[in-house]
1. Quote to one decimal, in nm, the extra length available between residue 99 and residue 259 on full extension: 0.36 nm per residue of separation minus the C-alpha distance between them.
2. Using a 1.4 angstrom probe on the protein heavy atoms only, line up 175, 78 by accessible area, largest first.
3. So if we plug the beta-carbon distance of residue 54 and residue 246 into 1/(1 + (r/R0)^6) with R0 = 22 Å, what FRET efficiency do we get, rounded to 0.05?
4. Taking 0.36 nm per residue of sequence separation and subtracting the Cα-Cα distance, how much length would be gained by fully extending the chain between residue 236 and residue 81, in nm to one decimal?
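The values are calculated or read from the model by the stated rules, or taken from the named source; none is laboratory data. Please read all numbers here as calculations on a predicted model, not as lab measurements. Cβ sites come from the backbone with ideal geometry, for glycine too, and all protein chains shown count toward neighbours. In case anyone asks, the SASA skips ligands and DNA or RNA and just uses the protein heavy atoms, side chains included. Shrake-Rupley method; radii C 1.70, N 1.55, O 1.52, S 1.80 Å.
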Amino acid sequence: MTVLSAAFTALGIGLVLSALLLARSVFAFSHTGPTIREEVLRHYAKYSAFALIRLAGWSALIMAWLASMGIFSYLSWCALRGREVLWVEGAFFALASIVLFTGLQFLEHLLRIPSSIMMSSNYKMSRFYPLWRRLSVTRIRWLRIVLIGVVAIPVLLRAAHLAAGAQWAELAGVCALAVLLGAPALWAAWPHRASPVEATRGDPHTPNVLMIGCDTLRVDRVAASRRTRNLTPFLDAFTRRGTIFTNCYTPLARTAPSLVSLLTGTWPQLHRIR
């Protein structure tokens, strides 16, 4: 297995897994109202197909990137041991890399943003309670360190071996691949600070909270979301005098439970409105 064939293997695995996810999403499509499916298919069939294809494409690229890290580590390990590279083993390491890094991301969400898991697990969060109780920031940090170490150590040892043998051309190739695969991971893991929001104007001692409930409104139709279309002039004027939050999550993708959680600050499994 050469570097080129390894790249094609990773891309092929990403495409196959993305196609399976896409098929699963299409067959498991559900609707919240009696006519929403017909409305979507009648007016937004082309856009829905485009959105699904775009989502599948990004999914394939992400999984191909995760698979590449596993294959790259496997190639480095084989070069160090002087053993033959087998395609089956390379594919196994690629799949293992996808499973392990995806599992780590799942644990991150379960600990920090459980609402993202709740919205896609048929609302039965009780199945995750035993795992949830064992999670902590420290444990996830150590899991991340161990996983990155398992992937990176063979590559680092291979680079050191090439440097000791003055094989500079091959060393440059190994370093280039390491930077190409590691840069997105470093960017994703780097702490990104949110932009500060402006303080609300007016008397700080006077209540100034106004809640406007609007069901099924697309955020990209509100000009305050920094889009160019001027479809909501009154909302835009209102937000210019207040504070707008653009990074929000719902604990459950249904109107009534999410509103109750918003007003009470509790999870749906506590207020029991599903």
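1. So the extension gain works out to 54.1 nm.
2. Highest to lowest solvent-accessible surface, that is 175, 78.
3. It comes to 0.55.
4. Stretched fully, the residue 236-residue 81 segment lengthens by 49.5 nm.
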